[in-house]
Structure formats: C-alpha cells, structure tokens
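The values are calculated or read from the model by the stated rules, or taken from the named source; none is laboratory data. The structure presented is a predicted model; accordingly, all values stated were derived computationally and were not measured. As a convention, Cβ positions derive from the backbone with ideal geometry for all residues, glycine included, and neighbour counts pool all protein chains shown.
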C-alpha cells in the first residue's frame, strides 16, 4: 500500500502508513537532520511498516502510542521485538484497553498482542527525536489515557482518534467522555495554532484552522468560540 508524506522541508517529517483492515494511520516520524525517528501507532501489518522504514532509511529508536485501542497498538509488541526499541505511551489510564488487545483484534479477524509500555506518558512530557522534540498532551475523551504528539517547529501534530477531518472521535467506548473530548480539542489542540497540520488516526490530514472553520462538531461557530 502506498504511503503518504507530510513534508515541505520541515525539520520533522511524517510518512503515513495505513495499516489493518480499519485503515489506521500508522506514522513514521523522523528528524530530517539526523534521520532518527519513531513509529507512531503500529496497529499491525508489520511488513508494510518495516518496508517504509527501509525506504526512508530512518533509524527508528522509539515506538509511540496515542491510545490503547488494538488498531493503534496491536503490532507494537512485535515491532518492538524486531527493532529492539522501547514502547512509549500512552497515559496509564489506557492499560485496561491494552490488556484487551488480543480479544478485540480477534473480533475483527486479525492478531494483536497486549504489552506494558516501557514508559508511560503524562501531560506536558517531551520526547526527543534526533534534534527535534515532541510535546505530549494528555487528551482524554475517546479513551481516558489518550495522548497527542506535537512538534512546534514543523507545525505538525499526531492526534490519534481525538479529531478527524470534519469529525471527532467516538466517546461511547468504555472510559469515553464526550465533554472531556470537546475540552481536549478546544483546550489542548486549538492552542497549537490554526496553521498546524494534524494527522488523524484514520482518514486524511487537515489543519486545526480548517476544523475550527468547518467541523460540524467543534467549529468555533458551533461551540460559540471566538475565532
């Protein structure tokens, strides 16, 4: 399956690798200066992920997880063993979702492994990728332990299933909270700037500005916010 890139000569670049039957956006993030990087949300299809790493010639040093749903991290344990790198994230409130990965993945006809991350994350943690840094924001609502990764220098965010182009994440799963999700979007994502490009967990990228203008769930006009 072809991959897509967010680039434009930014210091941090991302290649999106759709994986699993649910077409989850796994991302290869890397520092352009050092070509050191991370895989974010390896839900499955490990050969596709490894092929992208080889083609981009990135040295992957970390596996980052936005949240514990199987389509986002069902392949993390296997990939960690292959690459010999740690699993970082999500927030510990999602451990109960990670524990359910094998059963939940089986319901969709594919395999996934549970794991315990080498490092849990909390709000305002920072992760180093080569010469670049990712700010971690804890964004509950879709799941209680969901986190988002943001690189200010490249105006780029990896938001998992918090926000989508013209939609938002579901909040009807165990531990979900609609009001918390809206607050995560408006209080944690919007301050990253209208120009920030975000890669969602499924579907096409967008910008926070476009969603503030047009998203039927969280547009400023819908929520009564000042633009």
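Residues that are at pLDDT 95 or above and either loosely packed, with under 14 Cβ neighbours inside 10 Å or within 12 Å of residue 60 (Cβ to Cβ) (or both) within region 1-16 comprise just one, 15. Residues in region 205-227 that are more than 12 Å from residue 195 (Cα to Cα) and in contact (Cβ under 8 Å) with a residue 40 or more places away in the chain: 205, 214, 215, 216, 217, 218, 223. The numbered conditions (1) out of contact with any strand residue (DSSP E or B) (no Cβ under 6 Å at 6 or more places or on another chain); (2) farther than 18 Å from residue 158 by Cα are all true for residue 65 except (2).
Answer yes or no: is there a residue in region 35-48 that is outside any helix (DSSP H, G or I) and either over 17 Å from the mean Cα position of the chain (by Cα) or over 16 Å from residue 80 (Cα atoms) (or both). Looking through region 35-48, at least one residue is outside any helix (DSSP H, G or I) and either over 17 Å from the mean Cα position of the chain (by Cα) or over 16 Å from residue 80 (Cα atoms) (or both).
Across region 184-199, the qualifying residues are those that are surrounded by fewer than 15 Cβ atoms within 10 Å (Cβ to Cβ) and in contact with a strand residue (DSSP E or B) (Cβ under 8 Å, 6 or more places away or on another chain), and the one among them that is farthest from residue 221 (Cα to Cα) is 195.
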